[in-house]
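Asks: Have a look at the structure that comes next, please.
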Amino acid sequence: MSLKSKIEKVVGMLAGSELRNISKMRTHNLGDRTLFESIMSPEVLAALRDWEAAGGNGVLIGGLGLSYYAKPRMTQDVDLIFLTPSEIPVEVPGFRRHRRGAFEHKRTGVEVEVLTPETINVSPVLIQQVIDNAVKSDGVRIASPSGIVALKLQRYRRQDQADIVALISTGKVDISQFDLNPLQKQQYAELEREAFNEG
């Protein structure tokens, strides 16, 4: 077996599939990239596939959710939101509970954080809106670009601001259906101006 074949075999085993065309990762999602094609790390991809296959559920947020819409970035974990703690599975085959609020994928060591309104200090009303507006790709529910922006406006750290600008630049954000306070709406308007000035 050639070295190239060995490398392809190892990468395929890690990712749970064949090699992907990474040229689709050079820009924001133009509608031709699936969630799994948006994940840079084969270990994270394997963990998310196994989580979904095991029925772990939740709505994807965080770096992976952002990577589905904007230019993908490297992330080493999976962040999933649930409306209540009772919706979080007690056990997920192929994963072990390694700390409160997180599972670890047994094959890769990738962490899956399971979040609720209480753990991220966000109103349940907003989380319900994020869940209601989620989309699906590769069998995984993903917060919409607007939902991710609404969540990032809650923390509003520097990275959150950069992520919001990246999502606004996709042209797919409409925060009107989310329960945001006047300050958050003002912050969004400022970032929207910044996004359009950069574009």
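Nothing in this text is a laboratory measurement; each read-out follows from the coordinates by a stated rule. Just so we're clear, the structure is a prediction, and the values are computed from it rather than from any experiment. Glycine gets a Cβ as well: all are built from the backbone with ideal geometry, and neighbour counts include every protein chain shown.
Asks: Of the residues in the range 107-131, how many are surrounded by fewer than 14 Cβ atoms within 10 Å (Cβ to Cβ) and part of a loop (DSSP other than H, G, I, E, B)?
Replies: 3
Asks: To continue, here is another question. Pick from VAL125, VAL112: which is touching a residue at least 12 places away in the same chain (Cβ under 8 Å) and in contact with a strand residue (DSSP E or B) (Cβ under 8 Å, 6 or more places away or on another chain)?
Replies: VAL112
Asks: Here is a follow-up. When the range 169-182 is examined, which residues are found to be in a helix (DSSP H, G or I) and closer than 19 Å to VAL130 by Cβ? Outline the logic, then answer.
Replies: Filtering the range 169-182 down to residues in a helix (DSSP H, G or I) leaves 175-177, 182.
Scanning the range 169-182 gives ILE175, SER176, GLN177.
Asks: Here's something else I'd like to know. How many residues are of a type in the set (Val, Ile, Thr) and either surrounded by fewer than 21 Cβ atoms within 10 Å (Cβ to Cβ) or touching a Pro at 6+ places or on another chain (Cβ under 8 Å) (or both) if we restrict to the range 60-87?
Replies: The number of residues fulfilling the criteria is 2.
Asks: List, please: which pairs have Cβ atoms under 6 Å, are six or more places apart or on different chains, and start with a residue in the range 153-177 that is among the basic types (Lys, Arg) and end with one that is part of a helix (DSSP H, G or I)?
Replies: Matching pairs, first to second residue: LYS172/PRO145.
Asks: Okay, moving on. Check off (1) in contact with a helix residue (DSSP H, G or I) (Cβ under 6 Å, 6 or more places away or on another chain); (2) within 17 Å of ILE131 (Cα to Cα) for PRO42 and give me the number that stays unchecked.
Replies: If we test PRO42 against (1) in contact with a helix residue (DSSP H, G or I) (Cβ under 6 Å, 6 or more places away or on another chain); (2) within 17 Å of ILE131 (Cα to Cα), just (2) comes out false.
Asks: Which pairs turn up if I take residues in the range 30-44 that are acidic (Asp, Glu) and look for partners that are surrounded by fewer than 19 Cβ atoms within 10 Å (Cβ to Cβ) with beta carbon separation below 7 Å, at least 6 apart in sequence or on another chain?
Replies: Within 7 Å, the pairs are ASP32/LYS24; GLU37/LYS24; GLU43/LEU14; GLU43/THR108.
Asks: Which ones in the range 92-111 are out of contact with any His (no Cβ under 7 Å at 6 or more places or on another chain) and within 20 Å of SER41 (Cα to Cα)?
Replies: Just the residues of the range 92-111 that are out of contact with any His (no Cβ under 7 Å at 6 or more places or on another chain), to begin with: 92-93, 96-103, 105-111.
Answer for the range 92-111, where residues must be out of contact with any His (no Cβ under 7 Å at 6 or more places or on another chain) and within 20 Å of SER41 (Cα to Cα): ALA102, PHE103, HIS105, LYS106, ARG107, THR108, GLY109, VAL110, GLU111.
Asks: Also: Can you tell me which residues in the range 136-152 are outside any helix (DSSP H, G or I), surrounded by 17 or more Cβ atoms within 10 Å (Cβ to Cβ) and free of Cβ contacts under 8 Å to residues at least 40 places away in the same chain?
Replies: Residue satisfying the conditions is SER144 alone.
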